[in-house]
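What follows is a single structure, written as structure tokens, with notes after it.
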Amino acid sequence: MSSLTLSDEKFKQIRDLIYEESGMYFANTKKYLLENRLSKRLEEVQLSSFDEYYYLLKYSAKRKEELSRLFDQVTINETSFFRDMPQLQAFEKEVIPEILKRKDRGGQELRIWSAGCSSGQEPYTLAMILKELMETKAFKFVPEIMANDISGAMILEAERGVYMDYYLRNTPDYYKSKYFTHKGETYIISDAIKLMVKFSIMNLLDEEKVGTMKNIDVIFCRNVLIYFAEEAKKKLIETFYEALKPGGYLFIGHSESLHSISRAFKLMLFPNAIVYKKE
Amino acid sequence: MGNDRLEEVKDRIQRIGNLPTLPKVATEVISMVGDPDVSMKEIASVISKDPSLSAKILKVANSAFYGLSQRVASIQLALVILGLSRIKNLVIGISVFSTFPIKPGQPTFDREKFWEHSAGCGQIAKILADLLKCEMDGEEFVAGLLHDIGKIVLDQFFHDQFVKVIDLTFEKDIPMIEAEEEVVGTTHAEIGSWLAEEWKLPLSLVEAITHHHSPQEAVLNPILTSIVRLSDLFCKAKGIGFSGDTKGIAISDRIAWKTLKSAKPDLEDLDVERFVFDLDAEIEKAKDFIRISSERVQTKEKV
Ligand SMILES: C[S@@+](CC[C@H](N)C(=O)[O-])C[C@H]1O[C@@H](n2cnc3c(N)ncnc32)[C@H](O)[C@@H]1O
């Protein structure tokens, strides 16, 4: 291993840069994490100090490119299919039926947004649930699922749709056999499900891009805000509020809270799941 | 209203001839605590005559349920440390388990789950009361514990109809209380209210049981009734109990929430997400309470 060390001063500069660019905030206690993960990257680009790396990120012509490589390195992408069943139950049994009922009185689309989708497990899960509903209820339209992440590497994975069995640990057998092809140690998601999800690279703090997300019925942004500092959280939640249709719903991570961030939403309690509603 | 039907229900229960009663000690303690001429010592001696009850009181007092820093070794000491009202409420709480013992594994109405929900509700009421600095001496816990007591009566005396109620609740996707109106003609709240009166429970408890579905009607102690109502809703949000209802609850729209907020503006600052998330540990304490209360205690033991 090389002995690249990250000085406190450089750590703060890089940390602030990451924060400005992505909203992700690395507290002082997380210095080791940046140091470890970025050291690898420094070797790849053959730089010998974090000073040089900082320069590359801040001033070079390739800075945009390098930033997205950095995001690939430092984001925490932990996820799985069917993560947090009670939330998915609320989505399937109450939220979607309620929205559909409203749509009977007009409205032609159902738009779902998975923000911070990692390697696609979350939006694919939503697609499978909706597909099941489409088979039992008459849908007048095909649901659209938009999914994005700041990490290009994750979006590539998502589009490939090939997963180690570890990611299917919460997946009911019914879904496993219906929507995946089992090949060796991997599971390949079916084309029917793939077709339902549109992936793109998006930085949730990029106002211009995020501003194009409009008329959304349901947003899932789970376990993403935890990496954001207070200000960035506030900004993002405001954006979500704008993006939702009246009557739309927002799901955040099971252990997250909007308490100190926004009072705009109405808090709805479902069995073991809290969901936010825009009235 | 279902008043005539309530009379019929009462008649029927009385005809069968065994209206469930609280153990005699409990009734005695309730009336003694209200009597200014009765000394603490006398109350201690009445309680001590029932070794099983005494043992349970001490166990609960020394459990995580109260989290006391000091060990309580006698009923006298318990009375001093916890106070008369607390002990009275504890006696009521423990006693209902001998009146309506747990019968596990009933297919339609599972009493174990029922008590889990009730004690969970009591425990949540206790935390809410603490959080909002309403000193209620444990009455909030008992109110939560007993709020649905009418359901047990329905199950015991009108089993077939109660099964229909449960079926209808699922079939039509309506609140249980509406199904009860339809099938029985009266509700578990009304029956519970009657039972609580018969048991001569404190009036604020009677009120909380009567109006836990209509907190706007409470006049004696609307805060208590609202706390019980909210706890009931939080329980549902935690999926505790036997109801298969998955509907969302807009907590801030609820009358109980509004009532409580106007009396205790601090409620507005409650981080509901955190609160609900942290309830798991509390629910465990409630289970402790059930476990201790429904234990069969060796009565030879000297306490
Ligand atoms: C822990 S994963 C959560 C994945 C999924 N939502 C779930 O709950 O299973 C967090 C994801 O958020 C992404 N992320 C972090 N900051 C982001 C930003 N500013 N814009 C978009 N995505 C971001 C990360 O790349 C990562 O894939």
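The values are calculated or read from the model by the stated rules, or taken from the named source; none is laboratory data. Source: prediction; values computed, not measured. No Cβ is skipped: glycine too gets one built from the backbone with ideal geometry, and neighbour counts run over all protein chains shown. Each accessible area value is taken on the protein alone, full model and side chains, heavy atoms only, with ligands, DNA and RNA left out. Shrake-Rupley method; radii C 1.70, N 1.55, O 1.52, S 1.80 Å.
Looking at region B:57-77, can you tell me whether even one residue there is open to solvent by 30 Å² or more (accessible area, probe 1.4 Å), under 30 Å from B:His212 (Cβ atoms) and assigned to a helix (DSSP H, G or I)? There is at least one residue in region B:57-77 that is open to solvent by 30 Å² or more (accessible area, probe 1.4 Å), under 30 Å from B:His212 (Cβ atoms) and assigned to a helix (DSSP H, G or I). Beta carbons closer than 7 Å, at least 6 apart along the sequence or on distinct chains, pair a first residue in region A:259-271 that is of a type in the set (Lys, Arg) with a second that is surrounded by fewer than 16 Cβ atoms within 10 Å (Cβ to Cβ) for A:Lys266/A:Glu279; A:Lys266/B:Ala250; A:Lys266/B:Ser252.
Residue pairs whose Cβ atoms lie under 9 Å apart, sitting 6 or more positions apart in sequence or on different chains, and linking a residue in region A:56-80 that is within 14 Å of chain B (Cβ to nearest Cβ) and polar (S, T, N, Q) to a partner that is near the ligand (Cβ under 7 Å from one of its atoms) and open to solvent by 40 Å² or more (accessible area, probe 1.4 Å), do not occur here. Flag not set for A:Ile99, criterion: open to solvent by less than 20 Å² (accessible area, probe 1.4 Å) and more than 14 Å from chain B (Cβ to nearest Cβ).
Every residue in region B:157-207 that is among the charged types (D, E, K, R), assigned to a loop (DSSP other than H, G, I, E, B) and modelled with pLDDT of 90 or more, please. Result: B:Lys200, single match. Listed by first and then second residue, the pairs with beta-carbon distance under 6 Å, at least 6 apart or on different chains, first residue in region B:86-105 and of a type in the set (A, V, I, L, M, F, W, C), second open to solvent by 10 Å² or more (accessible area, probe 1.4 Å), are B:Ile94/B:Lys56; B:Phe97/B:Ser294; B:Ile102/B:Glu112; B:Ile102/B:Ser294. Looking at (1) assigned by TED's automatic domain parsing to the domain that holds B:His117; (2) in contact with a His (Cβ under 9 Å, 6 or more places away or on another chain); (3) more than 17 Å from B:Trp115 (Cα to Cα), can you tell me which one B:Ile240 breaks? That leaves (3) as the condition not met.
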